[in-house]
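So the structure is just underneath, and the comments pick up after that.
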Ligand code: TMP
């Protein structure tokens with residue numbers, strides 16, 4: 001990792017508080033003197049934000065699982081090329097709200113696209129780039145649902161609005177991904193107050 005910044009992804013299902021924690025963790029890292037870029041998926045570059053609108057607006061059945069996987073991979077390719085790689089090359093720390101593991105959990109675990117195919121798309125689009133560390137925020141299903149329902153975002157999007165069975169598959173898939181790549185993942189309980197969760201996330205960056 002010499003001469004290169006650090007790449008950190010926050011992952012988890014709906015309502016676990018990722019966006020709040022990305023902001024808080026970025027502030028904590030800046031306070032320690034790091035130059036931090038906050039970004040998100042789908043999005044994080046002009047082209048990827050345009051694809052985000054295609055992905056999150058419209059009817060639930062607007063795209064097939066395969067088309068959805070391709071669109072997420074295309075958005076990620078632009079995000080990596082235009083935002084993430086240039087920042088890492090400049091020695092900056094990149095903190096992203098979601099990355100590849102969201103595709104593996106949502107399009108893979110919950111929608112049935114194979115892991116091999118998703119990794120192949122990631123190789124084509126993004127050169128197989130992986131985070132140095134992936135922080136998985138977890139909540140019990142009923143608490144995640146309660147938070148997702150009460151947050152102010154003008155209604156759920158195409159994917160966030162899917163049923164509880166879909167989100168249970170997403171959560172199970174994230175847990176499996178984390179246990180299968182324990183050196184890259186750290187699992188952090190999101191149930192405590194925001195400051196406690198931020199402190200746990202910061203501690204989970206040890207070694208970077
Ligand atoms: P968010 O802004 O609430 O995180 O919305 C993004 C939605 O897109 C969320 O429901 C998760 C979903 N998603 C995927 O299905 N696959 C992906 O690869 C990514 C990045 C997000």
Checklist entry - With r defined as the distance between the Cβ atoms of residue 196 and residue 149 and R0 fixed at 22 Å, what FRET efficiency is calculated, to the nearest 0.05? => result 0.45
Checklist entry - If we count other beta carbons within 10 Å of each Cβ, what is the order of 93, 63, fewest first? => result 63, 93
Checklist entry - Given R₀ = 25 Å, FRET efficiency for residue 19-residue 82 by Cβ-Cβ distance, to 0.05? => result 0.75
Checklist entry - In what sequence do 64, 134, 39, 96 fall when counting other Cβ within 10 Å, fewest first? => result 64, 39, 134, 96
Next on the checklist: Relative contact order of the chain, please, whole-number percent, based on alpha carbon pairs below 8 angstrom and at least 6 residues apart.
Outcome noted: 33
Checklist entry - Which shape class applies to the range 104-208: rounded if a/c is under 1.5, otherwise prolate when a/b exceeds b/c and oblate if not, where a ≥ b ≥ c are the square roots of the Cα gyration tensor eigenvalues? => result oblate
Checklist entry - If we sort 12-18, 82-88, 30-36, 201-207 on the protection proxy, mean other Cβ atoms within 10 Å, highest first, what's the order? => result 12-18, 82-88, 201-207, 30-36
Checklist entry - For the range 36-190, what ratio Rg/Rh do Cα atoms give with a Kirkwood hydrodynamic radius? => result 0.94
Next on the checklist: Within a 10 angstrom radius of the beta carbon, how do 70, 135 rank from fewest other beta carbons to most?
Outcome noted: 70, 135
Checklist entry - Put a dot 7 Å past each Cα toward the Cβ at residue 31 and residue 189; how far apart are the dots in nm? => result 2.3
Checklist entry - Got the relative contact order for the range 1-86 handy, in percent, Cα pairs under 8 Å and 6 or more residues apart? => result 24
Checklist entry - Looking only at the range 1-34, which residues have a backbone nitrogen under 18 Å from a spot 7 Å from the Cα of residue 60 in the C-beta direction? => result 14-15
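Values in this text are rule-based calculations from the coordinates and carry no lab data. Just so we're clear, the structure is a prediction, and the values are computed from it rather than from any experiment. Ideal geometry is used to build each Cβ from the backbone, glycine not excepted, and the neighbour counts take in all protein chains shown.
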